[in-house]
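Participant: Sharing a structure here in structure tokens format.
The values are calculated or read from the model by the stated rules, or taken from the named source; none is laboratory data. Treat the numbers as computed from the prediction; the structure is a model and nothing was measured. Glycine also receives a Cβ, built like all others from the backbone with ideal geometry; neighbour counts cover every protein chain displayed. Calculation scope for accessible area: heavy atoms of the full protein, side chains included, ligands and nucleic acids excluded. Shrake-Rupley method; radii C 1.70, N 1.55, O 1.52, S 1.80 Å.
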Amino acid sequence: MPTKWVTVITPVLVIILVVALTQLINHTKAGMAMRAVAKDFETAQLMGIKLNAVISTTFIIGSFLAGVGSCLYFTNYQSVVPLSGALPGLRAFVAAVFGGIGSIPGAVVGAFLIGICESVIKGSSWSVFSDAFTFALLIIILVVKPTGLFGEKVTDKV
């Protein structure tokens, strides 16, 4: 069976979107506003940041990325039902926690590591335990490094 184009396009598109999102977050006025609102909601509002605009922009970007991801994911399936995205959504959450909440490259690296591990397990005789392995790996990572692979240690100032 020949390789589908979506299999080749997906990693390239993911890298392009991660670089674009990282650039947007770190080098634009909107990205600075998003980071300020995420850091301290009230102070950002006092500094004149329009919270509703920042929140709307964040949801637009997130919805666009979710749409791209679902188009790439469901290209391999003949039909889609309302609960089709439940397991991929749960895996995406696990990948984000695994890579480190707040780290875009960390979430991508976490997703690729989880995907590679699941593929190896599904190719073995232990394929029924692939989902259990994913959550066991998450628990191990959180016990060893509670902020995830690329998460930053957060200290609260009193």
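Participant: Compute, for region 76-158, the length of the dipole vector about the Cα centre, with Cβ point charges of +1 (Lys, Arg) and -1 (Asp, Glu) only. Units Debye, rounded to 20.
Facilitator: With only Lys, Arg, Asp and Glu charged at Cβ, the dipole is about 100 debye.
Participant: So, one more: Probe radius 1.4 Å, ligands and nucleic acids ignored: give me the carbon and sulfur share of the accessible area of region 8-158 as a rounded percent.
Facilitator: On the way: 7640 of 10610 Å².
Whole-percent figure for carbon plus sulfur exposure: 72.
Participant: Enter the accessible area per residue of the chain (Å², integer; probe 1.4 Å; all protein chains in place).
Facilitator: Here the per-residue accessible area is 72 Å².
Participant: Quickly work out the Val80-to-Phe93 label distance, labels modelled 7 Å from Cα along the C-beta direction, and quote it in nm with one decimal.
Facilitator: 2.0
Participant: Moving on to the next point. Whole-Hz Karplus ³J(HN,Hα) for region 83-91, in order, using 6.51 cos²θ - 1.76 cosθ + 1.60 and θ = phi - 60°, x for Gly and Pro?
Facilitator: 9, 4, x, 5, 5, x, x, 5, 5
Participant: Also: Toward the positive end of the charge dipole of the chain, about the Cα centre and with charges on Cβ (Lys, Arg +1; Asp, Glu -1), which of Gly89, Phe59, Gly31 goes farthest?
Facilitator: Positive-most Cα among the choices belongs to Gly31.
Participant: Bin all alpha-carbon pair distances of the chain at 10 Å intervals from 0 and give each bin's fraction as a whole percent.
Facilitator: Using 10 Å bins, I get a P(r) of 9, 30, 36, 19, 6, 1, 0 for the chain.
Participant: Can you compute 3J(HN,Hα) from phi for each residue in region 96-109, using the Karplus curve 6.51 cos²θ - 1.76 cosθ + 1.60 with θ = phi - 60°, rounded to whole Hz and x for Gly and Pro?
Facilitator: 5, 5, 4, x, x, 4, x, 10, 5, x, x, 5, 5, 4
Participant: Only helical DSSP H runs with n ≥ 4 go in: add -39500 (n - 2.57) per run for the chain, normalise by residue count and round the 222 nm mean residue ellipticity to 500 deg cm²/dmol.
Facilitator: My calculation for the chain gives -23500 deg cm²/dmol from helical runs alone.
Participant: I want the local charge near Ile116. Using Cβ-Cβ distances under 14 Å, sum +1 for each Lys or Arg and -1 for each Asp or Glu among the other residues.
Facilitator: Cβ neighbours under 14 Å give a net charge of +1.
Participant: Please compute the contact order of region 73-158 in relative form: average sequence separation of alpha-carbon pairs under 8 Å and at least six residues apart, divided by the residue count, as a percent.
Facilitator: Reported as a whole number, the value is 30 percent.
Participant: In addition: Fully extended, how many nm does the chain gain between Met47 and Ile16 (0.36 nm per residue separation, minus their Cα-Cα distance)?
Facilitator: On the way: separation 31, 0.36 × 31 = 11.16 nm, distance 3.27 nm.
Residue separation times 0.36 nm, minus the Cα-Cα distance, leaves 7.9 nm.
Participant: Between 0 and 90 degrees, rounded to the nearest ten: what's the tilt of helix 51-74 against the longest Cα principal axis of the chain?
Facilitator: 10
Participant: Packing-wise, with mean Cβ within 10 Å as the measure, how do 84-96, 100-112, 54-66 rank, highest first? Before the final figure, lay out each step's value.
Facilitator: Working: 84-96: 15.2, 100-112: 19.2, 54-66: 13.1.
My ranking of the peptides, most packed first, is 100-112, 84-96, 54-66.
Participant: Calculate, in nm to one decimal, what Leu72 and Lys122 gain on full extension: separation in residues at 0.36 nm each, minus their alpha carbon distance. It would help to have the intermediate numbers written out before the result.
Facilitator: Details: separation 50, 0.36 × 50 = 18.00 nm, distance 2.10 nm.
Once the chain is fully extended between Leu72 and Lys122, it gains 15.9 nm.
Participant: Given Cα pairs under 8 Å that are at least 6 residues apart, what percent is the relative contact order of the chain?
Facilitator: Value for the chain: 17 percent.
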